[in-house]
Amino acid sequence: MLCSVLEQRNRRSYIMEKVKAQKRNGELDFFKLLFCIVVISFHSGYFIQSENGYFKGGSIAVDFFFVVSGVMMARNAAKKAYEENLGIDTFEFMKKKILRFMPDIYVAWVIAFVVKHWHFVSWKQVVKDLFASIWELLFLTNTGIVGYSPNDASYLSNDATWYISAMILSMLLLWPLLRKYKENFFYIIAPLMICFLLGYSYQKFPSLRRPMKWQGLCLRSMIRGTMEICMGCLSFRMAEFMKKISFNNVAKTLLFFVSWMGYGGVIWYSYSHTGSKADWILLMILWLSVTITCSEQSIVMPLFSHKLFSWFGSFSFSLYLGHGFWAKEMRNLFPQMGEGRMLILYVILAVVTGLFIQYTSLGLRKFWKVKGEAVKRIFIE
């Protein structure tokens, strides 16, 4: 029994050391940007009327981001020293997670709010929308409380930002289980949750889309997010085991083809197919591809070592935040413009806005790092 305990400790120590030594996964960062582009193309459907559409099923890209979020959560758990008090441990993780992207989200929200109110009606409406935005600003939209989102045209859903709320709330549920039960989470809890949620969602949902649909106890997004973050946790664990295997070039080439054909197949299918029961198959394909990518065993992995790909990964989040409100307002802002020119302008606005969000947020972080203590002293003795 003592040998078993020591073996488990040695295994955890090995994983922690490997994780701490890891750099950013350039190949994964590349696919973050690629799937972000898929989402942007999908949302162009708000102003583009085309027979074939523009990525009719492009929202499947969000499932990729959920799985990757699960990988990142498990990775953080592996490299972070355990805090004996589970409540404090969870609070510290969630605080760090939220603070990591809080400037970006709030900068994007301000821009979106201004763009959505360019046709100023009355101060009364502006104030009403401002107060109704409280749920989005507190990341609580996926509790089921519906408010106003500048990234959507109505009070019914948050097309561009619902993912953030669902991710935070799902992690708030899963992190304590991951930290308290450790290996049992990977071998028992996560697999069981995945199996039950896969089955439940398949029986109850026509597809994995329409995240803000109320299911009686919670929104569909919460079931989707919890299930897929669990899948990401297992991807992390399987990838760590794969890293210990000395694959030859033949195997690495095969892994490359399997993962890239998986990504490519999902993107190709989503171009002309809307949500359906096929979504669950697409999800499993994404899961497999993400696991291979995170194992860093693909033969093309060295090609993604350039720091440009790391920038792709960080920029993809700002780009994701900075496009949705443009998609909803293009026809209102440019009613006389042709669809082709409107699409080009939409892409330009999304990229420029994404760059502005990214570097403004970076500047705010640097300011707080230098002046944060001085600002605190204004209010705290």
**Fill in**
Treating only Lys and Arg (+1) and Asp and Glu (-1) as charged, each at its beta carbon, one finds that the range 201-248 has a dipole about its Cα centre, in Debye to the nearest 20, of 180
**Complete:** Mean separation of Cα contacts under 8 Å (at least 6 apart) over the residue count of the range 190-294, i.e. the relative contact order in percent, is 37
**Asked** Mind checking the angle between helix 324-333 and the chain's longest principal axis? C-alpha axes, 0 to 90 degrees, to the nearest 10.
**Response** 20
**Asked** Which percent of the accessible area of the chain is formed by carbon and sulfur heavy atoms (probe 1.4 angstrom)?
**Response** 68
**Message:** Projecting each Cα onto the charge dipole of the chain (Lys/Arg +1, Asp/Glu -1 at the beta carbon, about the Cα centre), which of I60, Y359, F241 comes out farthest on the positive side?
**Reply:** F241
**Prompt:** Of K328/K376; K97/K243; K32/K56; K180/K369; K32/K80; K180/K243, which sit over 31 Å apart, Cα to Cα?
**Reply:** K328/K376; K180/K369
**Dipole moment magnitude, nearest 20 debye, the range 258-381 about Cα centre, only Lys, Arg, Asp, Glu C-beta charged** = 440
**Prompt:** Contour minus end-to-end for S305 and M261, with contour as 0.36 nm per residue of separation and end-to-end as the Cα-Cα distance?
**Reply:** 13.7 nm
**Item:** Cut-off under 5 Å, modelled amide H: who pairs with L219 long-range
**Value:** none
**Complete:** Taking 0.36 nm per residue of separation between H273 and A132 and subtracting their Cα-Cα distance, the length gained on full extension comes to 47.3 nm
**Complete:** Total charge of the residues flanking G313 in space, meaning their Cβ is under 11 Å from its Cβ, with Lys and Arg +1 and Asp and Glu -1, is +1
**Prompt:** Gaussian network model of the chain, Cα springs within a sub-10 Å range: biggest mean-square fluctuation belongs to which of V107, V126, V351?
**Reply:** V126
**Prompt:** Packing-wise, with mean Cβ within 10 Å as the measure, how do 236-246, 283-293, 308-318 rank, highest first?
**Reply:** 283-293, 308-318, 236-246
**Fill in**
With Cα springs under 10 Å, the Gaussian network model of the chain assigns the largest mean-square fluctuation among L140, L217, L364 to L217
**Complete:** When the charge dipole of the chain is computed with +1 at the Cβ of Lys and Arg and -1 at the Cβ of Asp and Glu, the Cα pointing farthest to the positive end, of L208, F139, V114, is that of F139
**Asked** Dipole size in debye (nearest 20) for the range 209-323 around its Cα centre, Lys and Arg Cβ +1, Asp and Glu Cβ -1?
**Response** 240
**Request:** With a probe of 1.4 Å, find how much accessible area the chain has per residue, and write the answer as a whole number in Å².
**Result:** 51
**Request:** Arrange the residues C233, C218, C195 by how much accessible surface each exposes, largest first, with a 1.4 angstrom probe.
**Result:** C195, C218, C233
**Message:** Below 8 Å, C-alpha to C-alpha, sequence gap of six or more: please give me the relative contact order for the chain in percent.
**Reply:** 29
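The values are calculated or read from the model by the stated rules, or taken from the named source; none is laboratory data. Remember, predicted model here, so these are calculated numbers, not experimental data. Positions of Cβ are generated from backbone atoms using ideal geometry, with glycine treated the same way; all protein chains shown enter the neighbour counts. These area figures cover heavy atoms from the full protein model, side chains too; ligands, DNA and RNA do not enter into them. Shrake-Rupley method; radii C 1.70, N 1.55, O 1.52, S 1.80 Å.
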